[in-house]
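Encoded as structure tokens, the structure appears first; notes follow it.
We did not get these values from a lab; they are worked out from the coordinates using the rules stated. All figures in this text were calculated on a predicted structure; none of them were measured in a lab. All Cβ positions, glycine included, derive from the backbone under ideal geometry; neighbour counts span all protein chains shown.
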Amino acid sequence: MDPAVPLPAGLVSRLATARHVVALTGAGVSAESGVPTFRDAQTGLWARFRPEELATPEAFEADPAMIWSWYEWRRELMAAAAPNPGHRALAEFETLLPEFTLITQNIDGLHAQAGSRRVIEFHGNLFVNRCLAGCDGPVDVPRPCPEPPRCPRCGAWLRPGVVWFGEAIPIEALQTAKAATDRCEVFLTIGTSALVQPAAGLALRAHDCGAMVAEINIAPTGLNGVAQYRLAAPSGELLPQLLDAVRRRRESRS
């Protein structure tokens, strides 16, 4: 980590004493594992499309084979990635603190691979398939799966278990995230531009409820006036150091 970005003592102290911490992660966390961001994934055969032309219910309805192929390609990209030190540090925070809630906008499943058990996947999971007609529960599909499969229950198309443009966040994920945000004492926003709603509004919600808000992101975002601390450093470098500092502070108090 850049020595010009020291760990704020106030943040370390508050994390060490907090009963409940919430972390919101975005594409920047997984980018450090080599996962292309949503728009950076438009290369090769897919460069002529805007992501918004592929990630919609209407696009899938018009051409299920093409949209399924795009998601299969993205699955291959993400399957080659592994959790980085930032993912693993967040998993350890879950074991260190009395209560730790992780909300992610990422669909790659890397938090679970790193060992996080309580993950709210705000935008779904790329490796989960569900019925387009609404049959309950995920459906296992052998991989690779070059052609769009059918639901074994009703025969409708299966679709990737992600949230498309024009769709609402799953109500359970949204309600759980809001409830956790309302009662947390520290809210960490990590590797996210803080532009995509409703996830972007959670930091403000936490602030309004009295939580300390800290931002870890390389580039500036719109959280000025909301985040008490802003750490301009890669999360894969900063989070392990923050974890060690919090652990030492907690041990010194025991």
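Beta carbons within 10 angstrom, averaged per residue: use that to sort the peptides 207-216, 82-91, highest first.
The packing order, highest mean first, is 82-91, 207-216.
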What percent do you get for the relative contact order of region 70-182 when only Cα pairs under 8 Å and 6+ apart count?
23 percent
Cysteines without a disulfide-compatible partner [the chain; Cβ-Cβ under 4.7 Å]:
145, 154, 184, 209
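Provide the percentage of antiparallel DSSP beta bridges, counting only those with both residues in the chain; round to the nearest 5. Please list the in-between numbers first.
Details: 6 of 28 bridges.
Roughly 20 percent of the DSSP beta bridges within the chain come out antiparallel.
Just need the relative contact order of the chain here, percent rounded to a whole number, with Cα pairs under 8 Å and 6+ apart.
Numbers: 435 pairs, mean separation 65.9, N = 254.
Dividing the mean separation by the residue count of the chain yields 26 percent.
Within 9 Å, Cβ to Cβ, of residue 185, how many net charges do the neighbouring residues add up to if Lys/Arg are +1 and Asp/Glu are -1? Kindly include the intermediate steps, with their values, before the conclusion.
Values: positive: 14, 19, 183; negative: none.
Spelling it out: positives minus negatives among the neighbours equals +3.
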With Cβ to Cβ distances under 10 Å as the rule, what net charge do the other residues near residue 79 carry (K, R +1; D, E -1)?
+1
Any idea how far apart residue 80 and residue 133 come out in nm if each label point goes 7 Å out from Cα toward Cβ?
3.7 nm
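Largest first and in whole Å, give the semi-axes of region 91-189's equivalent ellipsoid, each being the square root of 5 times a Cα gyration tensor eigenvalue. Walk me through the numbers on the way to the answer.
Numbers: eigenvalues 177, 49, 22 Å².
Those come to 30, 16, 10 Å.
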Computed log₁₀ I(q)/I(0) - Debye formula, equal Cα scatterers, no solvent, the chain, q 0.08, 0.12, 0.13 Å⁻¹:
-0.33, -0.72, -0.83
Virtual spin-label span in nm between residue 174 and residue 229, 7 Å along Cα→Cβ
3.2 nm
